[in-house]
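Report on the structure given below.
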Amino acid sequence: MHVQKTFDHAGVTLAHGVFQVHESVHECAAGCKQSDLGGTGGGVLAKRQAAVAEILLPRSKLGYDVMTFVGHERFVHYRQREEIRAMLQEKHQVVISPGEVSELSRRFLVYLEALHEARAPAFRAALEKDGGWPLHIDATCEDGQGTLFVAYAGWRGWALGAWKIPTERADAILPKLRTVAARFGDPCAVMRDLGKAMIEAARDFVAGIERPIPVLGCHMHFLKDIGKDLLQTAHDDLRDLFRRFKVLARLRALARDLGRTLGSEIQRARGELTHWLTGSDPAFRLPEGNSGLAVVRALGQWVLDYPDDGTDAGFPFDRPWLDLHNRCLCVCRAAESWFRKPCFDRRVIEALQRLHRIIQPVRSEVPFQVPVRILQQRGHLFDELRGALRLQTKPPRNQASAPADSQQQLQELRDIQKAVEDLETTLKQRRPERGPAEDLREAIDLILEHLERHGPSLWGHVIPRPASVGGGIRLVERTNVLLENFFHEIKHGERRRSGRKVLTQDLEQLPASAVLARNLTKPDYVAILCGSLDHLPRTFAELDAADRSNSLPARVRAAMRAGGENGDIISSSLPRADRNLVRSPAMRERVFAESRTRAPRLRFTRRLA
């Protein structure tokens, strides 16, 4: 070999800053055709020296550590592009363009996914050392788009795989489950929600495994489904009644008008209201003047503050419209009590009468009390079931990874199972066979139907550990809240980055492999992946060691082009690639032009038998 040419170019890394690289291109003196470029002509061997190849990306002046820094800040800390550029310039004196930030982010995910797959045998050994691993499965989306399916190892808290699927369907989910099992071994249990697609996919998945694997239903989804079926109709009816009578709008108008009346005296009136609330008046009569107006205004605001009665757990655990009804009823009775006490300020009395007229319809038997009675009766049944299941709506994060007494957990699980069985027996006894209690009978039948349908999947959380890892037992989480919290962290980070509340576009464009970046917050995962985050750039460089002339992302794109379709099931929904074609101006013009064409009328002749 002899030197054909030499050239200089810049290199940029976090460790060295900006520097100059002197490259040499060699060619065979005998004219050999062999080439690292994969061609057959030229006899040219372009080979980067090992010291440079370990720090710079192929065909790029940027280093692996720059790519790792950008990807980590983008997908772990959810920084914006300008934030990442500012951090690189301030901390490392490295200047790159916004487009380079986006490109490095995409490259980072390709390298991370490839490294995750390469370390699959090591991850599998770690999971087997734990005595197995429960597989949590779920999917999330925004406005029905960007559906992201994730397979999650519950005891370790690792995302083992993530894919974009057209929609939540069993034929789209099942191949992903088999891919996870092929890479990381068969799970010891499957935790899923009560969706039809998840139930079918989990059933078909375990059917292909020789040893029996329990398929568990999430207790939280089970409770939510029953609560919605029990309370949704009556709760919506109550909401529609409040909207029809414009209770909230009129209360807001009352508070606004009284605030304008108080004007600049509102601060002083608040102080007098605070003094009145201390109860210095033994008769607790309404004060006169601006103080009385401030009291009436505060009563209206107290009704408007009905969400404070909830626990921020959402429906059906919170019934906000029922809370609003209860507050209206309470203030209505209080106003009628103050009417019977002397007050000589006409303005205060008129304001209190206006407040009473706004909320007085809530006391009527028809139409308000009918849905209220149903909500109260069915809500009591729902609360009984919730008490038997002992579910916290928002349990502490990473609860599964915290050490706990297995025997204590086992006893608690047995107590919960017995409480649910006792409640089922009690409901059968309390069910009225005939008479006017038709709604109560339907509510009890609904709960018993759910218990019969999903009962087998509610229990079986006790997993015996093999003797090779110390024996004993370990319990699977009763809910899928671990994975839902995982989704919440991703969406919270994306909202922080984009500033958008609705993430329809963000989730559709977010690569599925971005989910794997959350594993970098797990020390045990990082230890197996690369030892430490400081060693991650060098580990990425090792992935390119086999072919320095071509980067890993380029090889992945070439393999995808050669493989054609990726094998995903395309459903009746509209994927992004198809939507771009359908919404193109050319498609619109072609359809409209063809529709305006006067084609000869087709004649059909009926052939007689």
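The values are calculated or read from the model by the stated rules, or taken from the named source; none is laboratory data. Note that the structure is a prediction, hence the values are computed from the model and not measured. Glycine also receives a Cβ, built like all others from the backbone with ideal geometry; neighbour counts cover every protein chain displayed. Ligands, DNA and RNA are stripped out before the accessible areas are found, and what is left, the full protein with its side chains, is counted by its heavy atoms. Shrake-Rupley method; radii C 1.70, N 1.55, O 1.52, S 1.80 Å.
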Self-check item: Stretchable slack from ALA313 to ASP445, in nm (0.36 nm times residue separation minus alpha-carbon distance)
Solution: 44.9 nm
Quiz prompt | Estimated [θ] at 222 nm from DSSP helical runs (n ≥ 4, -39500 (n - 2.57)) normalised by residues in the chain, nearest 500 | solution = -17000 deg cm²/dmol
Self-check item: Cysteines not pairable in the chain (beta carbon separation under 4.7 Å absent)
Solution: CYS141, CYS188, CYS218, CYS328, CYS330, CYS332, CYS343, CYS530
Practice problem: Return the subset of LYS224/LYS522; LYS196/LYS501; LYS164/LYS196; LYS246/LYS501 for which the Cα-Cα distance in this structure is over 21 Å, preserving the input order. | Solution: LYS224/LYS522; LYS196/LYS501; LYS246/LYS501
Practice problem: Identify all aspartates and glutamates with a Cα-Cα distance to LYS91 below 17 Å; exclude those on the same chain that are fewer than 8 residues away in sequence. | Solution: ASP65, GLU73, GLU82, GLU83, ASP534
Practice problem: Taking 7 Å along the Cα-to-C-beta vector as the label spot, tell me the SER498-SER264 distance in nanometres, rounded to one decimal. | Solution: 4.9
Quiz item: With r defined as the distance between the Cβ atoms of HIS2 and GLN93 and R0 fixed at 45 Å, what FRET efficiency is calculated, to the nearest 0.05?
Solution: 0.70
Exercise. Could you list the residues of region 249-264 with an amide nitrogen less than 20 Å from a label point located 7 Å from the Cα of CYS343 in the Cα-to-C-beta direction?
Key: 250-263
Exercise. Give the angle, between 0 and 90 degrees and rounded to the nearest 10, that separates the Cα long axis of helix 320-339 from the longest principal axis of the Cα atoms of the chain.
Key: 30
Quiz prompt | Charge tally in the Cβ shell below 14 Å around ALA202, where Lys, Arg are +1 and Asp, Glu are -1, ALA202 excluded | solution = -1
Quiz item: So what's the angle, to the nearest 10 degrees on a 0 to 90 scale, between helix 247-262 and the longest Cα principal axis of the chain?
Solution: 80
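Diagonalise the Cα gyration tensor of the chain and give the resulting equivalent ellipsoid semi-axes, square root of 5 times each eigenvalue, largest first, whole Å. Numbers along the way, then the final one.
On the way: eigenvalues 686, 235, 179 Å².
Semi-axes from the Cα gyration tensor: 59, 34, 30 Å.
Skip the ligands, DNA and RNA, and give the accessible area per residue of region 243-337 with a 1.4 Å probe, whole Å². Could the numbers behind the result be given before it?
On the way: 5000 Å² over 95 residues.
Value for region 243-337: 53 Å² per residue.
Which FRET efficiency value, to the nearest 0.05, do you get for LYS246 and ARG588 by plugging their Cβ-Cβ distance into 1/(1 + (r/R0)^6) with R0 = 35 Å? Numbers along the way, then the final one.
Working: r = 43 Å, r/R0 = 1.24.
So the FRET efficiency works out to roughly 0.20.
If I compute solvent accessible area with a 1.4 Å probe over the protein chains, what percent of it on region 277-432 is carbon and sulfur? The partial results should precede the final answer.
Working: 4050 of 8460 Å².
Taking all protein chains in place, region 277-432 shows 48 percent carbon and sulfur surface.
Taking 0.36 nm per intervening residue step and subtracting the Cα-Cα distance, what contour gain separates LYS129 from GLN429 on full extension?
Details: separation 300, 0.36 × 300 = 108.00 nm, distance 4.81 nm.
Taking LYS129 through GLN429 to full extension adds about 103.2 nm, to one decimal.
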Practice problem: Please list 381-390, 208-217 highest first by mean number of surrounding beta-carbon atoms within 10 Å per residue. | Solution: 381-390, 208-217
